Amino acid sequence: MPQLTRGILIAIEGIDGSGKSTLAKNLSLSLEQQGFNTTLTKEPGDSQLGKEIRTLVQTQNIPISGHAQYLLFAADRAQHLSERIIPALKENKIILCDRLADSSLAYQGYGNGLDLEMIKSVNKWSMQGIPIDLTVFVHVPVEIALERCGKRGALSPYEKKEFLHKVADGFEELYKNRTDVIIVDGTESPENLNKQVCSAIEQWIKNKNLLS
Ligand code: TMP
């Protein structure tokens, strides 16, 4: 049973319909099967407060300004950190987060035009300065992602073509020239994606000497 010398925080990012939630679930199962202790979380909505916030931002049935919307995501993040991530890090677990701080940069920053530096600074504050060790970015063309979203039912307010293009370009911009990001092709089968990312994570753990 592999023991880690510390907890590892991994974010799984991508646009709506990229398949990142399926990947996060599959990764969690596979890493558990390899003997790692994992915690699977998501943003928004992985705490009692987060569930309320998720309903507010998803239904958008009351007026919410762009600034207020970002602060709601940041509040969800702060709660997510203190309730889920920090305790799991203390237990030396692998934490797989289905979305984290970069989603705000991509959606509220690149998508909605809010100031990127401000978002970076509030993100850092809401995460109590805890760094993300590794990010997995599931890349999928916007058209394919929207087709998948359409099949799932009514499109959410975020699932608009022009908006998602801005978000997708934002993610590309964020992740160019980064060594702590694994970029994968979300048009591949869920099984292939899982195998590929699972072994990349295990390799990363070995390279960083995080096995005791
Ligand atoms: P989900 O469908 O992946 O659960 O995400 C819910 C929506 O919330 C998705 O459309 C992206 C959006 N979102 C933001 O706009 N900003 C954020 O910071 C986060 C975490 C999610």
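General observations
- Cα gyration tensor shape of segment 8-132, rounded if a/c is under 1.5, else prolate or oblate by comparing a/b with b/c: prolate
- Distance in nm between pseudo-label sites at Ser189 and Glu172 (7 Å out along the Cβ direction from Cα): 2.9 nm
- Of Lys42/Lys90; Lys42/Lys161; Lys151/Lys208; Lys25/Lys90, pairs whose Cα-Cα distance is over 29 Å: Lys151/Lys208
- Gained length - Ile62 relative to Asp115, 0.36 nm times residue gap less alpha-carbon distance: 16.7 nm
- For Thr22 and Trp125, the difference between the fully extended length at 0.36 nm per residue and the C-alpha to C-alpha distance is 34.2 nm.
- Structure remark: mean-square fluctuation, Gaussian network model of the chain, C-alpha springs under 10 Å; the largest value among Asp76, Asp98, Asp180 belongs to Asp180.
- Amide H contacts for Glu188 (H built 1.01 Å from N in the peptide plane; partners 5 or more residues away or on another chain; cut-off under 5 Å): none found.
- About the Cα centre, charge dipole magnitude for the chain (Lys/Arg +1, Asp/Glu -1 at Cβ), debye: 380 debye
- Average accessible surface for the chain: 50 Å² per residue, computed with a 1.4 Å probe over protein heavy atoms with every protein chain in place.
- Gain upon complete extension [Lys51, Lys90; 0.36 nm per residue less C-alpha separation]: 11.6 nm
- The base-10 log of I(q)/I(0) for the chain, evaluated at q = 0.10, 0.14, 0.15, 0.17 Å⁻¹, reads -0.41, -0.84, -0.97, -1.26 [Debye formula, identical scatterers on Cα atoms, solvent excluded].
- Between amide H atoms placed 1.01 Å from N, distances below 5 Å from Phe137 occur with Glu13, Ile182, Ile183, Val184, all of them 5 or more places distant or on a separate chain.
- Computed label-point distance, nm, for sites Ser82 and Thr5 using a 7 Å Cα→Cβ extension: 3.2 nm
- Measuring nothing but protein heavy atoms, the accessible surface of the chain at 1.4 Å probe radius is 52 percent carbon and sulfur.
- Expressed to the nearest 5 percent, the antiparallel share of DSSP beta bridges inside the chain is 5 percent.
- Amide H contacts of Asn92 (H built 1.01 Å from N, under 5 Å, at least 5 apart or other chain): Gly7
The values are calculated or read from the model by the stated rules, or taken from the named source; none is laboratory data. All values derive from a computational prediction rather than experimental measurement. In this analysis, Cβ positions are derived from the backbone assuming ideal geometry, glycine residues included, and neighbour counts consider all displayed protein chains. Heads up: the accessible areas ignore ligands, DNA and RNA and are worked out on the full protein's heavy atoms, side chains in. Shrake-Rupley method; radii C 1.70, N 1.55, O 1.52, S 1.80 Å.
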